[in-house]
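See below for the structure under consideration.
The values are calculated or read from the model by the stated rules, or taken from the named source; none is laboratory data. Just so it is clear, the structure is predicted and the values come from calculations on it, not from any experiment. Cβ placement follows ideal geometry from the backbone for every residue including glycine, while neighbour counts extend to all protein chains displayed. Calculation scope for accessible area: heavy atoms of the full protein, side chains included, ligands and nucleic acids excluded. Shrake-Rupley method; radii C 1.70, N 1.55, O 1.52, S 1.80 Å.
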Amino acid sequence: MGSRAFMVLLSHRGAYINPSANAAQLFLTFGQSPFSPVKKKCLVERRNHRTSHNFSTAANSSLEPPNLPRLAETARISLTPDEVEEFAPKMKQVVDWFGQLQAIDLESIEPAMRADTEDDNSRDDLPQIFENREAIIKAMPSYEEPYIKVPKVLNKE
Amino acid sequence: MLSSIQNPRLLRLSTLHQIPLRCLQTSTTPVPTPSSPQPTSQILRIRKSLLSRETTAVEIAKTFLSRLRRTEPQLKSFLYVSPEDGVLKQAEEIDRRIQNNEELGPLAGVLAGVKDNICTSDMPSTAGSKILENYTPPYDATAVKKLRENGAIIVGKTNLDEFGMGSTTEASGYQVTANPWDLSRVPGGSSGGSAAAVSAQQCAVSLGTDTGGSVRQPASFCGVVGLKPTYGRVSRYGLVAYASSLDVIGCLGSSVADTGIVLQAVSGHDKFDATSSKQGIPNFASQFIPKDYLDSKPLKGLRVGVIRETLVDGVDPDVISSLQRSVSHLEDLGCTISEVSFPSFSLGLPAYYILASSESSSNLARYDGVRFGNQVFADELSTLYGDSRAEGFGSEVKLRILMGTYALSAGYYDAYYKRAQQVRTLVQKSFRAALEENDVLISPAAPSVAYKIGEKKNDPLAMYAGDIMTVNVNLAGLPALVLPCGFVEEGSSVLPVGLQMIGAAFDEESLLKIGHIFEQTLQGYSFVPPLVGDDF
């Protein structure tokens with residue numbers, strides 16, 4: 001297979017990561033995708049002079065940076081102002097790092113949900129009695145037979 | 001896959017001198033051998049001494065328990081230790097069965113630790129988080145159920161980074177585990193407790209979980225064997241979910257044979273886990289040929305591919321030397337070595353973190369303080385959720401949930417999650433192609449040896465970078481074995497280095513066969529930490 005030969009013969013730079021360095025000093029260069037053989041030649045030419053990516057510079061991205069308070073509300077986690085201050089730069093750093101995936105040509109690559117799966121291995125959709133119902137009830141913080149107690153829901157409008 | 005190149009003489013010898021293992025339902029007469037060789041595994045050693053009446057299960061249990069008690073204040077591998085009388089009672093039952101010549105499971109008398117994100121109905125299961133403090137599940141995980149059915153005694157629940165998110169156990173909600181080789185260093189993670197417990201022989205074997213390397217990296221840091229099975233080989237029912245498309249339950253032991261025997265016990269399709277495979281289970285426990293019966297070139301014809309991208313700048317040069325020595329050792333055993341290149345190798349790391357954070361943001365939504373776990377008082381429902389989660393989760397977990405929430409938000413899914421899924425396809429294809437040309441691929445298990453506690457705590461990217469050797473294997477769902485191959489000296493400490501071997505899907509058999517031969521023929525190393533010393 002052409003792409004396999006391409007993998008073995010091509011000289012390229014892999015990942016340079018110094019685990020003991022400060023994140024700002026980490027550099028990452030990408031290898032090349034062998035899976036668009038028609039564009040192979042152009043890819044090699046375009047990428048030969050790619051510069052290393054420094055983690056401290058934002059990757060090329062037109063997406064808005066994370067809005068932490070809004071995300072915290074969506075995720076239902078009450079963050080303190082200190083936490084917002086602590087997390088925001090870390091999140092930005094990691095999200096910028098995620099951004100390197102924007103720069104790769106992934107056209108015509110099927111997304112994989114997980115490792116190769118077999119045909120349907122589900123069991124029949126039939127109800128079964130669970131023997132240890134008492135233990136489930138015991139684990140509930142606030143239970144008043146037959147209700148699980150929670151405080152009222154307040155509409156925010 | 002190996003059978004086509006195996007030496008036929010070797011094959012005949014192995015069936016003659018195979019050490020018999022009794023399965024639950026078969027007859028009990030062992031195959032007579034002229035002189036039974038010394039078993040190569042601790043499990044087999046225990047079994048032999050029990051059946052020959054040389055010792056009792058109670059004595060073995062007491063030895064482990066006393067070593068556990070002695071070392072635990074320094075190591076802190078366990079979040080929960082089973083009460084001693086319960087453990088001894090189970091051991092007594094095994095002794096009674098031996099006395100009456102009754103059936104014995106393959107793991108009879110073997111003390112096992114279980115990582116605390118795997119449910120046990122008679123012990124708390126916290127997943128290392130305060131949000132599940134004192135939570136006792138209403139059922140046993142399938143893997144735990146199988147261990148018990150095979151006769152193992154569960155000695156306790158081991159420490160981990162909260163919900164499996166971390167590489168050192170520093171993100172545990174309860175305690176930090178120390179590396180038995182140097183108490184000022186991390187044992188690795190997230191299965192740090194499981195690895196440290198086996199390394200210090202507080203238990204004979206343990207179960208861990210591996211989502212991005214969490215069995216393999218701590219195995220490397222602690223000098224024990226860690227086996228990550230193929231995704232789907234072991235049921236995830238009862239495993240607290242972190243990233244459902246990546247999580248697997250793995251085995252840790254002091255020898256390759258031990259991890260194979262444990263894998264044998266816990267593998268299999270489970271109707272309660274639709275992602276568990278219906279693939280047949282070969283006898284993982286039956287191919288451990290004693291050293292004396294090995295050919296001079298027992299791995300002749302085996303094609304080994306060294307992953308070039310794992311030997312670059314940024315990887316500790318001493319780790320690279322260890323790997324090179326391992327390559328020579330494999331060559332001596334008859335392997336053909338070549339270099340393999342993975343152009344998409346470095347992309348695996350951000351792709352992994354996008355997928356894992358995204359899936360975890362969904363999986364951890366259930367911890368809302370309502371049906372289980374700790375609840376914070378609030379007079380309004382969404383505050384109840386918000387405050388219970390804020391109080392119960394540690395910082396790393398919050399960070400990953402928020403990152404996952406971001407990556408999955410409307411408008412961002414295509415840019416992050418979908419692209420990460422596409423990288424997953426690339427990684428799968430790369431491995432498949434490489435494994436057509438090679439029987440097994442090798443790399444270091446981690447870019448360094450164990451580092452100091454606190455060294456990477458505040459730098460998420462530096463910590464994530466340490467997973468570079470392991471995450472691609474999870475993306476591809478392949479099996480991998482890590483075994484200790486050498487040491488690195490750092491200051492006054494001597495720290496173990498792990499070799500990682502990656503195999504084709506569902507081919508744990510080859511990995512175990514090769515790993516066992518590598519281990520048995522490795523000269524001049526003892527992987528017992530000084531902390532344990534002569535006691536063991």
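Worth a mention:
- Per the conditions (1) more than 14 Å from chain A (Cβ to nearest Cβ); (2) open to solvent by 10 Å² or more (accessible area, probe 1.4 Å), the sole criterion not satisfied by B:ILE249 is (2).
- Checked against the criterion of being without any contact (Cβ under 8 Å) to a residue 12 or more places away in the chain and not hydroxyl-bearing (Ser, Thr, Tyr), the candidates B:ALA351, B:ALA378, B:ALA356 yield just one match: B:ALA378.
- With respect to the conditions (1) away from every other protein chain (no Cβ under 14 Å); (2) open to solvent by 10 Å² or more (accessible area, probe 1.4 Å); (3) over 25 Å from B:GLU455 (Cβ atoms); (4) of a type in the set (D, E, K, R), B:ASP140 lacks only one, and its number is (1).
- Any hit, segment B:319-342, residues being touching a residue at least 12 places away in the same chain (Cβ under 8 Å) and more than 29 Å from B:GLN523 (Cα to Cα): yes
- Residues satisfying the stated conditions in segment B:71-96, i.e. open to solvent by 50 Å² or more (accessible area, probe 1.4 Å), part of a helix (DSSP H, G or I) and closer than 15 Å to B:GLY156 by Cβ: B:PRO73, B:GLU84, B:ASP85, B:GLN90
- Residues of segment B:354-369 classified as closer than 20 Å to A:LYS90 by Cβ and either at the interface with chain A (Cβ under 7 Å from one of its Cβ atoms) or not in a helix (DSSP H, G or I) (or both), total: 2
- Matching residues, segment B:404-430, being more than 19 Å from B:TYR242 (Cα to Cα), open to solvent by 10 Å² or more (accessible area, probe 1.4 Å), facing another protein chain (nearest Cβ under 7 Å) and not basic (Lys, Arg): B:TYR412, B:ALA415, B:GLN422, B:THR425, B:GLN428
- Condition met for A:ARG123 (more than 7 Å from chain B (Cβ to nearest Cβ), open to solvent by 100 Å² or more (accessible area, probe 1.4 Å) and on the phi < 0 side of the Ramachandran plot): no
- Odd one out for B:ILE468 among (1) in a helix (DSSP H, G or I); (2) under 26 Å from A:ASP96 (Cβ atoms); (3) of a type in the set (A, V, I, L, M): (1)
- Only listed residue being hydrophobic (A, V, I, L, M, F, W, C) and either open to solvent by 10 Å² or more (accessible area, probe 1.4 Å) or without any contact (Cβ under 8 Å) to a residue 12 or more places away in the chain (or both), chosen from B:ALA178, B:ALA152, B:ALA171: B:ALA171
- Filtering segment B:431-476 to residues that are among the aromatic types (Phe, Trp, Tyr) and more than 9 Å from every other protein chain (Cβ to nearest Cβ) leaves only B:PHE431.
- Candidates B:PHE372, B:PHE342, B:PHE377 - the one that is assigned to a loop (DSSP other than H, G, I, E, B), at the interface with chain A (Cβ under 9 Å from one of its Cβ atoms) and touching a strand residue (DSSP E or B) at 6+ places or on another chain (Cβ under 8 Å): B:PHE342
- Some residue of segment B:264-273 being under 12 Å from the mean Cα position of the chain (by Cα), buried (at least 24 other Cβ atoms within 10 Å of the Cβ), of a type outside the set (Val, Ile, Thr) and modelled with pLDDT of 95 or more: no
- Test: residue in segment B:404-418 that is in contact (Cβ under 8 Å) with a residue 60 or more places away in the chain and either in a helix (DSSP H, G or I) or of a type in the set (Asp, Glu) (or both): yes
- Residue in segment B:104-113 that is among the β-branched types (Val, Ile, Thr) and over 18 Å from B:SER52 (Cβ atoms) present: no
- Condition met for B:LEU512 (over 15 Å from B:ILE307 (Cβ atoms), surrounded by fewer than 24 Cβ atoms within 10 Å (Cβ to Cβ), touching a helix residue (DSSP H, G or I) at 6+ places or on another chain (Cβ under 7 Å) and not hydroxyl-bearing (Ser, Thr, Tyr)): no
- Per this entry, B:LEU512 is counted among residues that are within 19 Å of the chain's Cα centre (by Cα) and over 25 Å from A:ALA112 (Cβ atoms).
- Matching helices (runs of 4 or more DSSP H) fully within segment A:48-157 where at least 2 residues are more than 26 Å from B:ILE401 (Cα to Cα) and modelled with pLDDT under 90: none
- Qualifying residue in segment A:75-96 (condition: over 30 Å from B:PRO137 (Cα atoms), more than 9 Å from chain B (Cβ to nearest Cβ), loosely packed, with under 15 Cβ neighbours inside 10 Å and small (Gly, Ala, Ser)): no
- Filter result (under 30 Å from B:SER492 (Cα atoms) and either surrounded by 21 or more Cβ atoms within 10 Å (Cβ to Cβ) or modelled with pLDDT under 95 (or both)) within segment B:431-453: B:ILE442, B:SER443, B:PRO444, B:ALA445, B:ALA446, B:PRO447, B:SER448, B:VAL449, B:ALA450, B:TYR451
- Residue in segment B:500-517 that is among the polar types (S, T, N, Q) and assigned to a loop (DSSP other than H, G, I, E, B) present: no
- B:ASP318 of a type in the set (D, E, K, R), touching a strand residue (DSSP E or B) at 6+ places or on another chain (Cβ under 7 Å) and surrounded by fewer than 18 Cβ atoms within 10 Å (Cβ to Cβ): yes
- Among (1) more than 7 Å from every other protein chain (Cβ to nearest Cβ); (2) open to solvent by less than 10 Å² (accessible area, probe 1.4 Å); (3) not aliphatic (A, V, I, L, M), the one test that B:GLY386 misses: (1)
- Condition check for B:GLU489: over 30 Å from A:GLU107 (Cβ atoms), open to solvent by 10 Å² or more (accessible area, probe 1.4 Å) and within 10 Å of chain A (Cβ to nearest Cβ): no
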